[in-house]
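Peer 1: Dropping a structure here in structure tokens format, bear with me for questions.
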Protein chains: 2
Amino acid sequence: MSKHDRVLLAHGSGGVMSAELIAGFVRAFSSAQSAASGGVGGLSAVPSTSLPAPSPTPLNDQAILPASGKRLAFTTDSYVISPIFFPGGDIGKLAVCGTVNDLAMGGARPLYMSVSFIIEEGFLMSELDLIVASMASEAAGAGVAIVTGDTKVVEKGKGDGIFINTTGIGVVEDGIDLGPENIKEGDKVLVSGTIGDHGTAALLARGDFKIEADINSDCAPLHELSADIIAAGGASVRTMRDATRGGVATILNELIEESTLGMTVREASIPVRDSVQGACELLGFEPVYLANEGKLVAIVGPEVAEDVLVAMQANPLGKDAALIGEIIAKPAGMVLLETTIGGRRILGKLSGQLLPRIC
Amino acid sequence: MSKHDRVLLAHGSGGVMSAELIAGFVRAFSSAQSAASGGVGGLSAVPSTSLPAPSPTPLNDQAILPASGKRLAFTTDSYVISPIFFPGGDIGKLAVCGTVNDLAMGGARPLYMSVSFIIEEGFLMSELDLIVASMASEAAGAGVAIVTGDTKVVEKGKGDGIFINTTGIGVVEDGIDLGPENIKEGDKVLVSGTIGDHGTAALLARGDFKIEADINSDCAPLHELSADIIAAGGASVRTMRDATRGGVATILNELIEESTLGMTVREASIPVRDSVQGACELLGFEPVYLANEGKLVAIVGPEVAEDVLVAMQANPLGKDAALIGEIIAKPAGMVLLETTIGGRRILGKLSGQLLPRIC
């Protein structure tokens with residue numbers, strides 16, 4: 001599974017080591033999938049099913065599942081954020097928004113959600129009430145029905161307050177087909193607003209640093225913003241991703257790393273709040289590696305870039321949207337950053353662990 | 001949410017206190033569901049959806065979701081069993097089988113699964129490899145494709161090795177409509193084999209008791225057994241449940257508690273291995289409250305009971321199947337046990353905590 005003997009915190013960072021670990025899962029589960037279908041891949045050998053095979057690459061953020069004419073999106077995330085209450089949200093809001101966003105990034109309209117709690121013995125019921133109310137409110141706002149669930153309790157000292165898994169199902173309308181494989185030379189790279197807010201808010205909420213700053217998490221459901229983008233850009237919307245663990249830098253790399261094309265991004269165009277920039281400078285972090293929970297990156301054809309940008313800015317969750325870069329011919333599979341001081345450097349993925357338990 | 005200020009281990013027992021806690025979740029998420037749809041229940045106000053409303057009672061073990069003519073079953077469970085390796089299985093096998101079984105109990109054919117890991121820093125990669133291999137093997141055997149996933153890592157001391165969430169989607173063929181609301185007077189109660197194997201095996205594997213016994217968990221996927229039951233019993237199969245946390249006694253109560261009918265069960269007819277019976281007597285447990293991970297309870301019309309029993313016994317996972325009781329007119333909502341010594345008593349649900357972290 002890995003060259004490491006033990007799981008390290010960096011295996012949960014969303015960066016390079018996470019990718020290595022998950023690659024091992026993909027190998028294991030892909031071969032199982034082949035075995036389940038007689039070695040030809042997909043689900044075709046499941047007896048008398050009318051469902052065609054799903055995407056052959058498992059363990060993406062969402063799976064698109066064809067079901068009798070309608071394609072379904074299916075996504076799961078476990079939330080382990082610490083602290084569980086932070087400026088701008090709590091683990092419950094995060095758990096609903098995060099899964100809504102993974103569905104929305106696949107172009108799906110979120111419909112159904114499961115909720116599974118792992119609670120540490122002694123956890124305050126009053127806090128559980130707040131978290132559940134927060135989930136109910138966010139789900140209602142997003143038009144998502146929480147339809148099934150599970151609750152486990154572990155002994156004191158064997159968990160950390162509460163962990164929440166949400167798994168979502170959404171429907172993908174015909175004609176919507178998003179994915180990094182659609183990216184073309186000349187495409188534009190858009191980001192929906194200021195970056196690093198969630199990571200900074202969660203970090204400061206831990207109180208490990210003596211920094212006072214008025215920074216709220218951007219935790220929000222992005223399904224309407226993504227629908228606005230698709231409405232404005234149509235089939236020229238190539239792909240979308242929410243920039244969670246690993247930050248914008250890691251997500252941009254993930255979008256381009258399998259490509260024969262490259263990407264250039266202008267540092268000066270990336271929106272960052274002054275307060276976030278200030279906190280990052282004090283702490284030695286770069287905002288592009290900090291987690292966001294209400295920001296997305298979209299890659300769209302140049303012919304629709306301006307229309308999509310206007311549509312994003314018309315949505316309150318995209319009011320600070322900006323065009324930050326382009327798809328270029330080479331170097332393939334890399335993100336080049338044009339720095340504010342006029343230089344150029346490779347913008348890599350997050351490597352190792354920046355902030356554990358950020359989502 | 002509860003009359004308790006803090007979460008207790010018994011809130012995860014699968015018994016009375018679990019039910020109280022989950023009732024609070026259902027209230028919160030049901031009202032959210034109504035709000036999402038303009039107060040009329042279900043999903044009908046989600047714009048331009050072609051999907052009708054799901055079942056109005058959320059947080060059952062599986063939700064049946066109508067999707068363009070085909071109904072989908074949707075179920076989630078987080079697995080926190082300790083120890084993670086036990087005679088007859090491991091947490092990975094359990095996580096796949098448990099979710100396959102929840103789908104199968106809804107009459108669904110399992111198709112897709114998500115997997116989400118919460119891993120404690122320092123967990124051995126070699127153990128993770130074993131667990132993932134076990135999941136891949138079980139999924140292949142059950143014809144289920146693992147199509148999406150997530151991995152989080154928490155600091156040492158903030159988890160307990162590994163927790164796994166699996167969430168499954170299956171398809172329910174037309175004409176299959178299972179549920180306790182279908183139960184009629186005179187129906188027969190069947191159990192698919194010896195009970196208490198999993199609970200006893202997991203308990204002894206913890207090594208807290210100085211009892212040596214050769215008892216394996218019954219952990220197994222029940223989708224073929226449930227299909228055999230439906231094939232033999234057709235529309236006269238009323239409902240099925242796998243008898244996990246809380247054991248057969250709790251599951252039988254859950255099936256009848258909302259009913260205007262009652263149930264009688266013969267203790268002498270309930271299959272229990274001598275080794276399990278022996279361990280239970282030493283430890284002061286009743287097998288009917290111990291968890292099973294490869295046993296189901298089916299309630300079927302009397303006209304098909306013999307055929308269903310024969311079909312169950314023809315499947316290796318049902319070879320010890322037995323007819324253990326009947327649905328009676330009254331007392332309503334209760335399970336009466338005819339004891340081996342000729343008495344009669346109420347068989348209640350599990351109350352409080354028997355064995356934490358049994359699944």
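The values are calculated or read from the model by the stated rules, or taken from the named source; none is laboratory data. The structure presented is a predicted model; accordingly, all values stated were derived computationally and were not measured. As a convention, Cβ positions derive from the backbone with ideal geometry for all residues, glycine included, and neighbour counts pool all protein chains shown.
Peer 1: For the stretch A:338-359, how many residues meet the condition of being outside any loop (DSSP other than H, G, I, E, B) and surrounded by fewer than 17 Cβ atoms within 10 Å (Cβ to Cβ)?
Peer 2: Within the stretch A:338-359, residues that are outside any loop (DSSP other than H, G, I, E, B) and surrounded by fewer than 17 Cβ atoms within 10 Å (Cβ to Cβ) number 3.
Peer 1: Now a separate question. Of these, B:218, B:197, B:187, B:174, which one is more than 30 Å from residue B:83 (Cβ to Cβ), away from chain A (no Cβ under 14 Å) and either over 16 Å from the mean Cα position of the chain (by Cα) or surrounded by 16 or more Cβ atoms within 10 Å (Cβ to Cβ) (or both)?
Peer 2: Among B:218, B:197, B:187, B:174, only B:187 is more than 30 Å from residue B:83 (Cβ to Cβ), away from chain A (no Cβ under 14 Å) and either over 16 Å from the mean Cα position of the chain (by Cα) or surrounded by 16 or more Cβ atoms within 10 Å (Cβ to Cβ) (or both).
Peer 1: Within the stretch B:315-332, can you find the residues that are within 16 Å of residue B:220 (Cβ to Cβ) and in contact (Cβ under 8 Å) with a residue 24 or more places away in the chain?
Peer 2: Of everything in the stretch B:315-332, those that are within 16 Å of residue B:220 (Cβ to Cβ) and in contact (Cβ under 8 Å) with a residue 24 or more places away in the chain turn out to be B:315, B:317, B:318, B:319, B:320, B:321.
Peer 1: For the stretch A:90-130, which positions are more than 30 Å from residue A:179 (Cβ to Cβ), assigned to a strand (DSSP E or B) and facing chain B (nearest Cβ under 10 Å)?
Peer 2: Scanning the stretch A:90-130 gives A:117, A:118, A:119, A:120, A:124.
Peer 1: For the stretch B:155-204, give me each residue that is part of a loop (DSSP other than H, G, I, E, B) and within 30 Å of residue A:355 (Cβ to Cβ). Before the answer, list the steps.
Peer 2: So in the stretch B:155-204, the residues part of a loop (DSSP other than H, G, I, E, B) come out as B:155-161, B:173-179, B:183-187, B:192-196.
If the condition is that a residue be part of a loop (DSSP other than H, G, I, E, B) and within 30 Å of residue A:355 (Cβ to Cβ), then B:155, B:156, B:157, B:158, B:159, B:160, B:161 are the ones that fit.
Peer 1: Pick from the stretch B:138-170 the residues that are of a type in the set (S, T, N, Q) and at the interface with another protein chain (Cβ under 7 Å from one of its Cβ atoms): which of them is surrounded by the fewest Cβ atoms within 10 Å (Cβ to Cβ)?
Peer 2: Here the answer is B:151.
This table checks each residue for (1) surrounded by fewer than 22 Cβ atoms within 10 Å (Cβ to Cβ); (2) within 25 Å of residue A:89 (Cα to Cα).
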{"residue": "A:248", "(1), (2)": "no, yes"}
{"residue": "A:253", "(1), (2)": "no, no"}
{"residue": "A:274", "(1), (2)": "yes, yes"}
{"residue": "A:288", "(1), (2)": "no, yes"}
{"residue": "A:295", "(1), (2)": "no, yes"}
{"residue": "A:302", "(1), (2)": "yes, no"}
{"residue": "A:310", "(1), (2)": "yes, no"}
{"residue": "A:323", "(1), (2)": "yes, no"}
{"residue": "A:336", "(1), (2)": "yes, no"}
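Peer 1: Just to check your reading of the model, which residue among B:291, B:298, B:305 is of a type in the set (A, V, I, L, M), farther than 22 Å from residue B:355 by Cβ and in contact with a Lys or Arg (Cβ under 7 Å, 6 or more places away or on another chain)?
Peer 2: From the options B:291, B:298, B:305, the qualifying one is B:305.
Peer 1: Let me ask something else. Listed residues B:298, B:291, B:268; which is part of a helix (DSSP H, G or I) and outside the structural domain of residue B:98 (by TED's automatic domain parsing)?
Peer 2: The conditions single out B:268.
Peer 1: Have a look at A:168, A:207, A:193 and point out the one that is in the same structural domain as residue A:336 (by TED's automatic domain parsing) and either in contact (Cβ under 8 Å) with a residue 60 or more places away in the chain or within 26 Å of residue B:169 (Cα to Cα) (or both).
Peer 2: From the options A:168, A:207, A:193, the qualifying one is A:193.
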